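> For reference, the structure I am asking about is given below.
The values are calculated or read from the model by the stated rules, or taken from the named source; none is laboratory data. In this text the structure is predicted, and so the values were computed from the model without any measurement. When we count neighbours, we look across all protein chains shown, and the Cβ atoms used for this are built from the backbone with ideal geometry, even at glycine. For accessibility, only protein heavy atoms count, side chains too; no ligands or nucleic acids. Shrake-Rupley method; radii C 1.70, N 1.55, O 1.52, S 1.80 Å.
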Amino acid sequence: MPARGGDPVLSNLPPSTTQLKLALVVASVIISGAFLISAAGIQQIHLPAIDALVPLYGMAMFVTDSITAVLLFTQFSIVRSRALLVISNGYVWTALVVIPWLLSFPGVFAPRGMLGGSSSEITVWLYTLWHAGFPLFVIAYAFLKDADAARPLSRFSAGAAILSSVGMTATAIAVATYFLVMHQTNLPSFMIDTMNFSGLWYYTAGSIALLAAVAIISIWLRRKSLLDLWLMVVMLVFMTEVLISSFPVSARFSLGWYAGRTCSLVSGSLILFVLLYEITVVYARLIGAVRAQSRERGARLITGDAVAATIAHELKQPLAAIITRAETGLRWLDRPTPELDRVKEQFKEIAADGRRAGAVMDGIRANFKIDARVRIWLDMEALIDETLTLVQGDLQQHRISVRRDRQPDLPQVMGDRIQLQQVLLNLITNAIEAMAAMQDVRILAVRCERSRERGVAVTISDSGKGIRSHELDHIFNPLFTTKSEGMGMGLSICRSIVESHEGRLFVLPNSPRGAVFQMVLGADADAASV
């Protein structure tokens, strides 16, 4: 399918400010160099003929123009633009015409060239076809590109269009070469001898320069893309090549002739360099997009794992309590005389644990949502006492003493009751598990006091095994755990809940052993606890 107008190809991309400046610099350097040579009047100075230069120059032009044509054909296969097909064949023209030009050049493959007769004349005529043909392709590109915006070439496959157009271009060059060889004796003479040009060449060179100027104006009036910008620079350098090597005196192997070959190499390479640069940029963006997609996929997987681990972690406690109470109720029912009052009490507790599990689920959903949560004024002392009641069985089982330090007239805290109780329950349960394997005195200290920020600070300390120094920086990271059967989500969830309440949660080592977790929350300075 034809590409959309916004696809990142050279014929659609608008030039950036940097690219405009770079094009201006390149054009200025070439024109300034040509002006200096012309102003000094040294372009007619004859220099030694370098036999290897001509074939190397011809090979370089053939390779660079061929690669440029291939890259432009690749972009044509995306956008199916007639204008892009034409300019691609313009580079095919300049690449293929170099072949007969080299074969005819005296001294490259044979003293008088390989095309017979007065090969010097055929060489100049082939050079004329080369340098007059390319501006015509550029002018055709300029007039066709606006018409292609609404009607791309989509009836034929890209491969068929490319092969047929290249075939026609190659055939035109072959026919023109054959005509020149067969009628060379009847052609007007461009050469006085093998080195110097006749007056006819000056009119021809002027006409070629005029064609290049028309090509520049044609693109300027319809300029839109990065390709338009650099084609104007190419034609400017192209025109400079013809003028500096032809005026005021035209001769082979003069300083002006060598300067013209240098300009020719520059003009032939500019579009290639721009294409390679833009392809590299697009490729880098593609790699960045692939990496970003991979990171996003990994983040989604991690988030899914985190959600699953969060649900498992937070429902573990109420489900364990439900199972324990259900088993206790069954034992009381299995007695010779069932204790129905106690069974009824257990059923009430099971219902309460079920409601708490549902509230925990709602809290987990709230953690992964960005909408506003329902918050009320809370008495943190009462919430701590309620949480300690929930873990009373575990405290008695592990023979842990609880030390409660209270401070009167604490301000109330605005927060989500279920979420803050979830934090307290996690921190207290972690403290119990840290002390469960200890043989010494086990003390859980819970203190609620005013913080320096005029809020409330809840401190939970234990006399357990503590947290090693290198683990302190990672203890709140998701999926990081110091327990053999831990999931690594509890403390991460706690910190996210506290931070969503605009509070802070941090850990410190206890003395002589254990850990101290402190949760600092904002408070209403005018609302005293009741």
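> Taking square-rooted eigenvalues a ≥ b ≥ c of the alpha carbon gyration tensor, is the stretch 193-280 rounded, prolate or oblate, where a/c under 1.5 means rounded and, failing that, a/b exceeding b/c means prolate?
Details: a/c = 4.24, a/b = 1.74, b/c = 2.44.
Oblate, since a/c reaches 1.5 and b/c is not below a/b.
> Let me ask another. Summing +1 for each Lys or Arg and -1 for each Asp or Glu, what net charge is found among the other residues whose Cβ lies under 13 Å from the Cβ of Met235? Before the final figure, lay out the partial values.
Numbers: positive: Arg223; negative: Asp228, Glu241.
Surrounding charge for Met235 is -1.
> Which shape class, rounded, prolate or oblate, goes with the stretch 97-137 when its Cα gyration tensor gives a ≥ b ≥ c as root eigenvalues, a/c under 1.5 marks rounded, and past that a/b bigger than b/c marks prolate?
On the way: a/c = 3.53, a/b = 2.32, b/c = 1.52.
It is prolate, given that a/c is not under 1.5 and a/b is the larger ratio.
> Quickly rank 497-503, 233-239 as a protection proxy: mean count of other C-beta atoms within 10 Å, highest first.
Descending mean neighbour count gives 233-239, 497-503.
> Averaged per residue, what accessible area in Å² does the stretch 383-475 show with a 1.4 Å probe, protein chains only? Walk me through the numbers before you get to the answer.
Details: 4680 Å² over 93 residues.
With the other protein chains kept in place, the stretch 383-475 gives 50 Å² per residue.
> From the square roots a ≥ b ≥ c of the eigenvalues of the alpha-carbon gyration tensor of the stretch 133-242, which class results: rounded (a/c under 1.5), prolate (a/b over b/c), or oblate? All intermediate terms of the calculation are to be shown ahead of the outcome.
Numbers: a/c = 3.32, a/b = 1.44, b/c = 2.31.
In terms of gyration-tensor shape, oblate.
> Oh, and also: Tally up the carbon and sulfur contribution to the accessible surface of the stretch 319-358 as a whole percent, 1.4 Å probe, everything protein left in place.
Working: 1690 of 2850 Å².
Result for the stretch 319-358: 59 percent of the exposed heavy-atom area is carbon or sulfur.
> Let me ask something else. Within 10 Å, count the other beta carbons around each residue, average over each peptide in 412-419, 52-59, and list them highest first.
For the peptides 412-419, 52-59, the packing ranking is 412-419, 52-59.
> Moving on to the next point. Return the distance in nm (one decimal) between the two label points of a simple spin-label model at Ser28 and Phe109, each offset 7 Å from Cα along Cα→Cβ.
4.4
> Give, in nm to one decimal, the length gained when the segment between Phe143 and Met195 is fully stretched (0.36 nm per residue of separation minus the Cα-Cα distance). Provide the component values of the computation, followed by the final result.
Details: separation 52, 0.36 × 52 = 18.72 nm, distance 3.88 nm.
Residue separation times 0.36 nm, minus the Cα-Cα distance, leaves 14.8 nm.
> In addition: Using 1/(1 + (r/R0)^6) with R0 = 25 angstrom and r between the beta carbons of Glu345 and Leu319, what's the FRET efficiency to the nearest 0.05?
0.80
> A further question on this structure: Roughly what would the spin-label model give for Ala52 and Leu265, points 7 Å off Cα along C-beta, in nm?
Between Ala52 and Leu265, the simple spin-label model gives 1.3 nm.
> Just to verify a number: FRET efficiency for Ile376 and Lys465, C-beta to C-beta distance, R0 = 30 Å, to 0.05? Write out the running numbers ahead of the final one.
Values: r = 37 Å, r/R0 = 1.24.
Once the sixth-power term is evaluated, E becomes 0.20.
> A further question follows. So for the pair Ser207, Leu508, with labels modelled 7 Å out along Cα→Cβ, what separation do we get in nm?
With each label point 7 Å from Cα toward Cβ, the separation is 9.5 nm.
> If packing is taken as the average number of other Cβ atoms within 10 Å across a peptide's residues, how do 384-391, 512-519, 101-108 rank, most packed first?
Numbers: 384-391: 16.8, 512-519: 19.0, 101-108: 21.5.
The most tightly packed comes first, giving 101-108, 512-519, 384-391.
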